[in-house]
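All remarks here apply to the structure that follows.
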Amino acid sequence: MPQRVDGTALACLSVMLSYLLRRVLYAVPITLGVTVIVFLLVHLAPGDPLSAIVPADAPAEVVARLRIDYGYDRPLPVQYGLWLARAVSGNLGTSVATGQPVGPEVLRAVQNTALIAMLAAVTGFTLGILLGGIAGYNQGTLIDKLATGIAIAFVSVPNYWLALVLVILFSVELNVLPAMGMGPGGSEAWAWDWLHLRHVVLPVIALSAIPTGIVTRTVRAAVAEVLHQDFIQALAAKGLRAGRILPHVAKNVAPTALAVMGLQLGYLLGGSILIETVFSWPGTGFLLNSAIFRRDLPMLQGTILVLSLFFVGLNLIVDLIQTAVDPRIRRS
Amino acid sequence: MAEVGVIAVKPEAPAPAAILSQGYWALVRYRLLRDRTTLVCGAILLVIILAAIFAPYLAPADPYKTSMLRRLQPVFKAPYLIGSDELGRDMLSRLIYGGRLSLVMGITPVLNALIIGGALGIVAGYLGGAVNMAIMRLVDVLYAFPSILLAIAIAGALGTGLTNSIVALTIVFVPQVARVAETVTTQVRGLDYVDAARASGASTWAILRVHVLGNVLGPIFVYATGLISVSIILASGLSFIGLGVKPPEPEWGLMLNTLRQSIFVNPTVAALPGAMIFMTSMAFNLMSDGLRAAMDVKA
Amino acid sequence: MSTTALAEVPADPRDRGGPAQPLLLVENLRKYFVLRGGVLNRAVATVQAVDDISFALRKGETLGIVGESGCGKSTTARLLMRLIEPDQGRIILDGEAVGAADGIGVGELRRAMQMVFQDSYASLNPRLPIEASIAFGPRARGVPAQVARDRARDLLSKVGLEPDRYIRRYPHELSGGQRQRVNIARALALEPRLVILDEAVSALDKSVEAQVLNLLADLKAELGLTYLFISHDLNVVHWISDRVLVMYLGKIVEIGPVERIYGEPKHPYTRALLSAMPSMDPDRRTEVPSIVGDPPNPINPPSGCRFHPRCPHAEPICDRTAPSLAAGGDTAKGDHAIDWDRHAVACHMHVPGSGHSAAPVGGA
């Protein structure tokens with residue numbers, strides 16, 4: 001019999017490792033697919049990519065020269081290959097509008113977006129877990145209905161409108177918080193003091209609305225389902241107080257909650273454009289906005305590429321953590 | 001905290017046998033009609049939709065008519081019922097007319113996605129194997145983008161305009177609907193009664209039509225109605241940042257955009273279009289929840 | 001139920017070969033399920049669900065198939081119905097090969113053969129009234145709607161459900177026993193010659209089970225059906241079967257007339273199974289567990305005879321060579337006709353000259 005036990009443990013571990021490895025490898029074609037779509041996106045647009053920078057009356061040889069410089073004269077697959085090769089080595093091209101390299105700009109913007117995204121994630125998840133937990137434990141009562149109502153409201157609110165309303169309330173009417181920007185000195189001079197943090201308050205509140213709502217609903221549903229299960233009744237019958245049962249509930253709710261939170265973090269990072277527009281926050285959304293309107297294709301491609309890859313990577317990490325945490329998936 | 005182990009939920013009174021014997025949809029209708037929240041939301045949405053349809057008869061003024069003298073009038077000041085916008089146009093009229101564009105931009109992509117994504121997902125789910133893998137891989141790649149990002153990227157690439165926005169949002173929603181459709185269809189496909197139908201020698205189409213579709217369309221439809229609230233927010237969001245509809249069209253998101261500068265002068269009026277988006281989206285969300293609860297029958 | 005004299009069956013116009021020809025001849029049926037895993041999704045293991053089984057089914061008989069979970073009984077049923085495609089093997093229906101160029105197609109097979117599943121609720125579309133469920137098969141085959149409806153009513157009354165009361169009911173309004181009757185009606189709607197009953201009564205309460213079994217026996221007599229009755233319940237199989245087939249880990253280990261299998265089981269596994277049945281006689285108590293060792297794993301089955309790790313009579317020959325069903329037990333008749341009374345067993349102890357110490361002398 002001892003031989004059997006060893007074999008089983010080793011088998012389990014190797015199954016899990018191979019699953020993890022398979023999951024990572026699976027992300028590769030997805031990532032490639034993402035790059036293809038990002039590349040093709042900008043070529044969806046009608047009109048010459050060059051038309052944004054070149055005035056209509058430019059002489060033909062100048063236009064031709066520029067076309068060769070930017071590589072727009074090569075066939076599409078070649079352009080894709082070159083672009084991908086450069087991107088992998090860190091070179092995301094040069095902005096058509098500013099002439100500056102795209103990479104560093106995107107990086108700076110990502111940092112700024114990450115600031116509010118992370119803060120919004122922390123706020124939203126904490127609130128969401130609290131609200132969801134309370135609602136789940138008090139299922140069917142008024143508290144539950146209230147919490148669920150708040151959650152639905154948060155999920156249905158257009159966050160850019162919420163941002164506007166917050167600005168109206170706190171900046172226009174009460175004049176206690178600033179309406180835009182990152183504080184004195186802009187994004188380069190960031191410091192963790194109130195002078196700068198006060199710029200973060202409103203964007204974070206607006207950004208965190210939807211994640212709060214979604215996490216609340218998920219946690220509530222998960223908690224309610226776990227509480228209904230027989231083993232909880234068994235624990236209560238054994239005499240455990242509610243406080244001691246809580247860790248059991250938490251452990252069972254954790255995988256689902258973590259998955260949702262991971263997804264929401266991804267959306268926060270990638271979907272902050274509307275809020276950033278309202279607050280003129282110099283993040284990736286803002287960059288995206290200006291790239292679209294100036295038809296700055298390299299900037300557009302670079303920004304979308306970085307954001308999407310972040311999202312793919314985040315999903316992968318969430319998936320792996322979930323596998324490691326949830327024993328049921330491990331064993332299957 | 002409530003005492004653990006004691007479930008506070010009042011068990012719902014079971015439906016009368018007469019309804020049960022009329023089949024599944026009768027049961028769904030019965031439950032829906034007794035769900036007050038859903039009924040109220042349904043009524044609100046009906047009002048908004050009807051107002052949008054009958055806008056020419058309901059709007060007190062021409063939504064395009066500007067008046068440089070009477071810009072940004074406050075609420076309830078004559079002759080405007082709820083004020084005027086930054087170009088002096090009547091807000092009430094623009095809100096009512098705005099419903100048309102906002103609703104169309106919100107609902108059309110979901111309808112498209114329902115048809116395209118639903119078909120893809122059902123085919124992938126029923127046929128399984130290589131077809132399933134091919135379709136779902138493609139879906140996975142599109143799924144790898146956050147929705148807002150993808151919507152803005154596509155709309156940004158295609159350009160402004162109503163059609164482009166609808167195309168962009170359709171592309172965003174097709175993978176989501178396809179995924180749900182595939183999951184549900186695979187589930188149903190594995191049930192014994194589908195095997196029994198196959199064993200009877202019926203054609204694939206007959207099996208799909210009689211046994212699969214009836215059981216699969218319900219959950220897909222419920223999911224799609226949940227998407228409408230997201231779609232309305234995204235569609236208006238597109239107009240808000242300048243993609244989508246262009247001025248002088250009345251559209252709630254666009255109105256929020258153009259009124260942004262006016263929040264210092266007349267904040268209430270500036271916030272009104274967003275309130276409409278919020279209300280409509282929330283109503284769709286609540287209705288979708290109610291629909292899901294009514295259809296979740298464990299007989 | 002005696003084997004040599006089956007009840008008089010009404011002559012079937014679809015009958016081709018007469019009573020001597022088996023209704024179903026299964027030859028070397030095999031189905032392995034490949035488990036994928038590892039980094040590159042390669043095949044890591046194979047579940048040998050059904051491994052090279054062959055048997056014949058006599059017209060008008062009830063063949064019981066017994067075995068524990070995982071032995072391959074349900075897979076066999078689905079292979080016969082072609083709900084799963086076999087890796088290898090032939091099925092010959094009344095003399096005509098299924099799937100062969102000069103034989104009959106799967107559609108034809110499904111006209112002759114139908115199945116009743118174990119889960120009575122999952123077998124019925126919850127959205128359809130039972131009339132529609134029963135009539136679906138015929139309608140899909142081109143039967144006009146009114147004729148199909150009339151047939152559904154007729155069948156409902158045949159299975160003991162009053163048509164006027166039940167015709168418009170939904171599955172969730174019926175009890176388990178009633179649903180299973182509906183499933184039987186549904187199977188009969190296509191007028192098959194063979195009905196496969198895959199654990200059809202296992203999920204029912206005992207009293208209901210008895211009613212359904214009686215119904216099945218009556219229907220068989222009235223309609224001249226042939227049954228393949230799969231079950232793990234030895235008592236029920238004893239009652240309903242003419243012949244019994246015992247499966248273990250994807251292989252047939254013993255086959256023969258029911259009284260001989262139950263009276264003088266030859267294979268050690270069959271003996272263990274039968275001795276594990278609780279007896280109504282208080283003086284006969286089971287004191288020693290009949291089977292020792294771990295339950296079998298259909299992945300990587302043991303070499304040679306699959307039962308040898310648990311067999312009290314195992315010897316080295318059992319590990320080396322797999323015993324053949326054709327060679328063991330009663331000597332096969334020399335001529336072409338199938339001996340329906342033959343009691344065959346796949347065990348080296350009964351194969352003459354196999355090398356096992358208990359084997360009879362002689363043979364090839």
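Readers should treat all values here as calculations from the given coordinates under stated rules, not as data from a laboratory. Note that the structure is a prediction, hence the values are computed from the model and not measured. Neighbour counts are summed over all protein chains in view; Cβ atoms, including those assigned to glycine, are modelled from backbone coordinates with ideal geometry.
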What residue among B:N257, B:F173, B:G218 has its Cα farthest toward the positive end of the dipole of the range B:98-294, where the charges are +1 on Lys, Arg and -1 on Asp, Glu, each on the Cβ?
B:N257
Could you pull out every residue, at least 5 positions away or on a different chain, whose amide H is within less than 5 Å of the one on C:E315? Hs are placed 1.01 Å off N in the peptide plane, and Pro or chain starts have none.
none
For chain B, count the residues as N, evaluate 2.2 N^0.38 Å, and divide the Cα radius of gyration by that value, please.
1.20
Theoretical FRET efficiency, 1/(1+(r/R0)^6), r = Cβ-Cβ of C:R168 and B:T37, R0 35 Å, to 0.05
0.60
Between 0 and 90°, nearest 10: helix A:2-44 axis offset from chain A longest Cα axis:
30 degrees
Given GluC sites (Glu not before Pro), DSSP loops and at most 16 other Cβ atoms within 10 Å, the longest exposed-site-free stretch of chain B is B:13-299
Whole-percent tail of the Cα-Cα distance distribution for the protein assembly as shown, cut at 52 Å, equals 36 percent
Ordered by residue, what ³J(HN,Hα) values in Hz, to whole numbers, does the range A:232-239 give under the Karplus form 6.51 cos²θ - 1.76 cosθ + 1.60, where θ = phi - 60° and Gly and Pro are x?
5, 4, 5, 5, 5, 5, 6, x
Treating only the Cβ atoms of Lys and Arg (+1) and Asp and Glu (-1) as charged, compute the dipole magnitude of chain C about its Cα centre; round to the nearest 20 debye.
1060 debye
Dimensions (Å) - the range B:210-289, Cα atoms, principal axes, largest first
60, 23, 15
Amide H neighbours of C:I291 under 5 Å, at least 5 residues apart or on other chains, H built in the peptide plane: list them.
none
Rounded to the nearest 10, the angle in degrees between the Cα long axis of helix A:102-137 and the longest principal axis of the Cα atoms of chain A comes to 20 degrees
Efficiency by 1/(1 + (r/R0)^6): what FRET value for B:A293 and A:L309, r their Cβ-Cβ distance, R0 = 30 Å, to the nearest 0.05?
0.20
If you take every DSSP beta bridge fully contained in the protein assembly as shown, what fraction is antiparallel? Give it as a percent rounded to 5.
60 percent
Specify the inter-centroid distance of the range A:194-250 and the range B:91-160, based on alpha-carbon positions, in whole Å.
31 Å
With charges set only on the Cβ (+1 for Lys and Arg, -1 for Asp and Glu), what does the dipole of the protein assembly as shown come to about its Cα centre, in debye to the nearest 20?
1360 debye
Using only DSSP helix segments of four residues or longer, with each worth -39500 (n - 2.57), what per-residue ellipticity at 222 nm results for chain C after dividing by its residue count and rounding to 500?
-8000 deg cm²/dmol
Using alpha-carbon positions, the gyration tensor of the range C:34-127 gives root eigenvalues a ≥ b ≥ c; with a/c under 1.5 called rounded, otherwise prolate if a/b exceeds b/c, else oblate, the class is prolate
Tell me which residues come under 5 Å, amide H to amide H, from C:L24 once H is placed; ignore anything under 5 positions away on its chain.
C:L57, C:D94
Here the range C:177-189 yields Karplus 3J(HN,Hα) values (6.51, -1.76, 1.60; θ = phi - 60°; whole Hz; Gly and Pro given as x) of x, 5, 5, 5, 4, 4, 4, 5, 4, 5, 5, 6, 4
If I take R0 = 35 Å and measure r between the Cβ atoms of C:E96 and C:N235 in this structure, what FRET efficiency does the formula 1/(1 + (r/R0)^6) give, to the nearest 0.05?
0.45
Taking only Cα atoms, what is the 0 to 90° angle, nearest 10, from helix B:267-295's long axis to the longest principal axis of chain B?
10 degrees
Karplus-derived 3J(HN,Hα), 6.51/-1.76/1.60, for each residue of the range B:167-173, Hz, glycine and proline x:
4, 4, 5, 4, 4, 5, 8
Quick check on the exposure proxy: order C:C347, C:C318 from fewest to most C-beta atoms within 10 angstrom.
C:C318, C:C347
For C:K158, give me every one of the lysines with a C-alpha distance below 24 angstrom, ignoring sequence neighbours fewer than eight places off in its own chain.
C:K59, C:K206, C:K220
When a footprinting reagent is the concern and you count Cβ atoms within 10 Å, what order do B:Y80, C:Y121, A:Y26 take, fewest first?
A:Y26, C:Y121, B:Y80
Taking a label point 7 Å from the Cα of C:D154 along Cα-to-Cβ, the residues of the range C:126-147 whose backbone nitrogen sits under 18 Å from it are C:131-147
Would you mind ranking B:I228, B:I107 by Cβ crowding within 10 Å, fewest neighbours first?
B:I107, B:I228
